[in-house]
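K.L.:
Pasting a structure below so you can have a look.
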Amino acid sequence: MRRIVLDDGAERGVRALAFHTGGGLDFWALADRSLDIGPLWWRGRAVAWQSPTGFQSPALHDREGDGGHGFGRSFSGFLVTCGLDHIRQPAGGHPLHGRLPFTPARVTAYGEDWDRETPVLFCEGEVTQARHGGETLRLKRRIEAAIGGHALSITDTVENLAPVPWPQASLYHFNLGFPGLADGTVVESRGRRLLGPLRLAAKDSLSESRSWPVDGDGQAACTVLTPQPDGTRLAITFSWSADTLPHLQVWHDLKPRTCVLSIEPCTSARPQPGLESEEAILEGGAVRCYRLDVSIDDQAGA
């Protein structure tokens, strides 16, 4: 577990915490980008999608720019957390995916915890989104990865520090690129195929998004299965609490030189064109908790 600082180009000065589990899973938690996850590797293979911008400094990010689409100028990495009071397209004065993404976090703890039955690497931090006379929402995050393991967990607590109720929205934008995404990739949930097999880099490919309500038994999950050159399949499983994230959105842009697939547990259904989703209200002083787990493994080929 190491603290590092990037030092070149648009990434210069970005703080990160490098996780190396020893079990094949390695990733960086980017402290200067909402403590989201940038690059992620499984047994040396890059899994996270990365854009040409890399992981640029938040000092260069203009969320209000490009007609509210400034998100696209900094979008990159395995996880971008969207919210905290708005997600999806610009509306009502909100920029694309809200004002949380790419906000520097305050790191409160990090290291190794050996005083557990399964020792873990961990980091903790908090990000605040606030405007005088408006929203005051604080996200507290803990990321854990078992030493010797092949999975990570994210535990988030969102608190409304304002004296008045406020809408609270969250969308977890997990982004896969080659070789985590390849020709033949499928997305499945509880034995049901949601998407695929995909064909990459087709000139007629569209950028598409769909959402589904998840099963209401308290826990939701979906798996991305991608064939590998050695005949195996890379299996990436996402699981989360359906109580606070009752919808799954899947987005992909498979055009040449882009090729990204996103798995997006979220608080609301994708609205019809021209409509906005209503987000649950968080009372003043109240908290809402989110828990997500990601596991990665190699399977025998289908």
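Bear in mind that the values in this text are calculations on the coordinates, not laboratory data. Here the structure is a predicted model, which is why all the values come from computation and not from measurement. Cβ coordinates were reconstructed from backbone atoms using ideal geometry, including for glycine residues, and neighbour counts include every protein chain displayed.
K.L.:
Checking PRO179 against (1) surrounded by 19 or more Cβ atoms within 10 Å (Cβ to Cβ); (2) in contact with a Ser or Thr (Cβ under 9 Å, 6 or more places away or on another chain), which single condition isn't satisfied?
P.N.:
Condition not satisfied by PRO179: (1).
K.L.:
Here is a further query. Do you know which residues across segment 10-33 are touching a Gly at 6+ places or on another chain (Cβ under 9 Å) and part of a loop (DSSP other than H, G, I, E, B)?
P.N.:
VAL14, THR21, GLY22, GLY23, GLY24, ALA31, ASP32, ARG33, listed by residue number.
K.L.:
Consider segment 196-211. How many of its residues are touching a residue at least 12 places away in the same chain (Cβ under 8 Å) and either of a type in the set (D, E, K, R) or within 16 Å of LEU234 (Cα to Cα) (or both)?
P.N.:
7
K.L.:
Which residue is farthest from LEU35 (Cα to Cα), if the candidates are limited to segment 87-114 and must be of a type in the set (D, E, K, R) and not in a strand (DSSP E or B)?
P.N.:
Out of the qualifying residues, it is ARG88.
K.L.:
Ok, one more. Could you say which residue among GLU117, GLU126 is out of contact with any Phe, Trp or Tyr (no Cβ under 9 Å at 6 or more places or on another chain), of a type in the set (Asp, Glu), surrounded by fewer than 21 Cβ atoms within 10 Å (Cβ to Cβ) and part of a strand (DSSP E or B)?
P.N.:
Being out of contact with any Phe, Trp or Tyr (no Cβ under 9 Å at 6 or more places or on another chain), of a type in the set (Asp, Glu), surrounded by fewer than 21 Cβ atoms within 10 Å (Cβ to Cβ) and part of a strand (DSSP E or B) holds for just one of GLU117, GLU126, which is GLU126.
K.L.:
Let me confirm something: among GLY134, GLY180, which residue is outside any strand (DSSP E or B) and within 29 Å of LEU17 (Cβ to Cβ)? Walk me through it before giving the result.
P.N.:
Numbers: GLY134 fails: within 29 Å of LEU17 (Cβ to Cβ).
On inspection, the qualifying residue turns out to be GLY180.
K.L.:
Give the residue that is surrounded by the most Cβ atoms within 10 Å (Cβ to Cβ), with candidates limited to residues of segment 1-46 that are aromatic (Phe, Trp, Tyr) and either closer than 15 Å to LEU60 by Cα or more than 14 Å from the chain's Cα centre (by Cα) (or both).
P.N.:
Checked segment 1-46; the qualifying residue surrounded by the most Cβ atoms within 10 Å (Cβ to Cβ) is PHE19.
K.L.:
Return a yes/no flag: does segment 166-176 have any residue that is part of a loop (DSSP other than H, G, I, E, B), among the hydrophobic types (A, V, I, L, M, F, W, C), within 25 Å of SER76 (Cβ to Cβ) and in contact with a Ser or Thr (Cβ under 8 Å, 6 or more places away or on another chain). Let's see the steps before the verdict.
P.N.:
Here is the first cut: in segment 166-176, the residues part of a loop (DSSP other than H, G, I, E, B) are 168.
After this cut, where a residue has to be among the hydrophobic types (A, V, I, L, M, F, W, C) as well, the list is none.
So far as segment 166-176 goes, no, none of its residues is part of a loop (DSSP other than H, G, I, E, B), among the hydrophobic types (A, V, I, L, M, F, W, C), within 25 Å of SER76 (Cβ to Cβ) and in contact with a Ser or Thr (Cβ under 8 Å, 6 or more places away or on another chain).
K.L.:
Here's something else I'd like to know. Only one of these conditions is not met by ILE37: (1) within 17 Å of SER262 (Cβ to Cβ); (2) part of a loop (DSSP other than H, G, I, E, B). Which number is it?
P.N.:
Among (1) within 17 Å of SER262 (Cβ to Cβ); (2) part of a loop (DSSP other than H, G, I, E, B), the lone unmet condition for ILE37 is (2).
K.L.:
When you look at ALA220, is it of a type in the set (A, V, I, L, M) and under 24 Å from ALA151 (Cα atoms), yes or no?
P.N.:
yes
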